[in-house]
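Before any comments, here is the structure.
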Amino acid sequence: MTTARLSALAAADLPLHALAERLLALAEAGLPEMYRPDAETFVFTRAGTVSPDGSRRLEQRGTSTRYAAITALGARFLPEERQRALFGGRSAEEFAGLLVERLAGVVNLGDAALIAWAAAETAHPKLSDALDRVAALDAPGRPLYTVEAAWVLSALVAARASVDVEDRIALARRRLLAARAGSPLFAHATGPGLVPRYRSHVACFADQTYPLQALARLHASDDDPQALAAADACAARICALQGDGGQWWWHYDARRGTVVEGYPVYSVHQHAMAPTALFDLAEAGGTDFGPAVRRGLRWMTDVPELAGPTGAPREPMIREDYGVTWRKVYRGDPKKAVRAARGLTAKVVPQARLAPLDLLFRPGSVDRECRPYEFGWLLFAWLGGLAR
């Protein structure tokens, strides 16, 4: 398929365009292996295991309503016949309808918001019912995880052309903007009570990309310069902090706009989450961070953490033979010890770097699993587009 985003990538860097096309083909090949026809939903993950004879295989584990909704959001951009190959014969619109029918049993606000977002994007006739379920789970005045607050706003923005949600948009907008933590970055939660005080300053990459995407989409749907400025400032900061190898870092001190701990580096951040948020921002009228997107995408094949003596990767992150991209590169530290140590230290001594930890726990371990949302957001990032 040719989209404006892919065409722009081809104009800027033909090898990276070929990489994006390769990843999109892999998503279409891999998602059917993540679908559970017996439950009519998607698995939580496909995880690599090693049999006694040393051979590797991937096994399905669990199910995820959240990942199913994200897959529907991304796959709707495919031609309908190719959608049906992913959803057991259903189109993305029909699968979104199935998720809407199951909403009464959904108790997580983030899951419900994603389903309502998919219902809005596919013009489902029961969109109002989906939004009612979101409202029922979104108790007034209750703090939320910032990611879920962002998804609520994105769902409402997607629905505003069909349903009167202006009062709810105003509340969701105000809540999300208030989650900024003294820097251009967003906190992990919209208010106290959800996160222990000793790590309340620590926010993750998802806490940045989903809010900046929601605020960009808000501006695109009805001019909101304050929302666009907040999204732009957040994007500028995470791009300024991007690693030399194109890495999108994982944990930040949201008060100061600095990195707390970079690892793990997640594939989905590199090929999907950063691109979709930054593309939406540019198409909404914000800054074009295309060079940062390209640096991040290039990491998928040029992984400095896995480089062998000749510079070639010891293990590729992209595995067509298994139908996956490996989930992340990480330190292999027990119980995420480096993250915990740096998070606690940053609370008291923000400038301390604890450099010996980098020598003791070098990033070079690979998490051999892959989750459906990684491919769902990949399709969304490169096949979608935001109209103002």
- Message: At 1.4 Å probe size, what's the solvent-accessible area of residue 17? Round to the nearest 10 Å².
- Response: 40
- Message: Please compute the modelled spin-label separation between residue 81 and residue 18, points set 7 Å along Cα→Cβ, answer in nm with one decimal.
- Response: 2.8
- Task: Tell me the label-point distance for the pair residue 362, residue 229, using the 7 Å Cα-to-Cβ offset, in nm and rounded to one decimal.
- Result: 4.7
- Query: Which value in nm describes the separation of the simple spin-label points at residue 33 and residue 222, placed 7 Å from the Cα toward the beta carbon?
  - Reply: 4.5
- Query: What per residue convex hull volume, in Å³, comes out for segment 82-229 when only alpha-carbon positions are used?
  - Reply: 124
- Message: Based on alpha-carbon atoms only, what is the radius of gyration of segment 198-240 relative to the globular estimate 2.2 N^0.38 Å?
- Response: 1.25
- Residue separation times 0.36 nm, minus the C-alpha to C-alpha distance between residue 56 and residue 166: what's the value? 34.4 nm
- Item | Relative intensity, log₁₀ I(q)/I(0), of segment 1-129 from a Debye sum that treats every alpha carbon as a point, q = 0.15 Å⁻¹ | -0.80
- Task: Compare 34, 1 by solvent-accessible area with a 1.4 Å probe and give them largest first, with all protein chains kept in place.
- Result: 1, 34
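Calculate what fraction, in whole %, of the accessible area of segment 153-308 sits on carbon and sulfur atoms when a 1.4 Å probe is rolled over the protein chains. Walk me through the numbers on the way to the answer.
Details: 2650 of 5150 Å².
Accessible surface attributable to carbon and sulfur in segment 153-308 totals 51 percent.
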- Query: With the other protein chains left in place, how much accessible area per residue, in square angstrom, belongs to the chain at a 1.4 angstrom probe?
  - Reply: 40
- Item | Packing-based ranking, highest mean first, of 175-182, 204-211, 258-265 given that Cβ atoms within 10 Å are counted | 204-211, 258-265, 175-182
- Task: Please sort 93-103, 188-198 by packing, taking for each peptide the average over its residues of neighbouring beta carbons within 10 angstrom, highest first.
- Result: 93-103, 188-198
- Message: I need two numbers for segment 200-272: Rg to one decimal and Dmax as a whole number, Cα atoms only, in Å.
- Response: 12.7, 37
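Please report, in cubic angstrom per residue, the volume enclosed by the convex hull of the alpha-carbon atoms of the chain.
142
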- Percent relative contact order of the chain, based on C-alpha pairs within less than 8 angstrom and at least six residues apart? 20
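The values are calculated or read from the model by the stated rules, or taken from the named source; none is laboratory data. Quick caveat: nothing in here was measured; it's all calculated off a predicted structure. All Cβ positions, even for glycine, are placed from backbone atoms using ideal geometry, and neighbour counts span all protein chains on display. Keep in mind that these areas ignore ligands, DNA and RNA; they rest on the heavy atoms of the full protein, side chains included. Shrake-Rupley method; radii C 1.70, N 1.55, O 1.52, S 1.80 Å.
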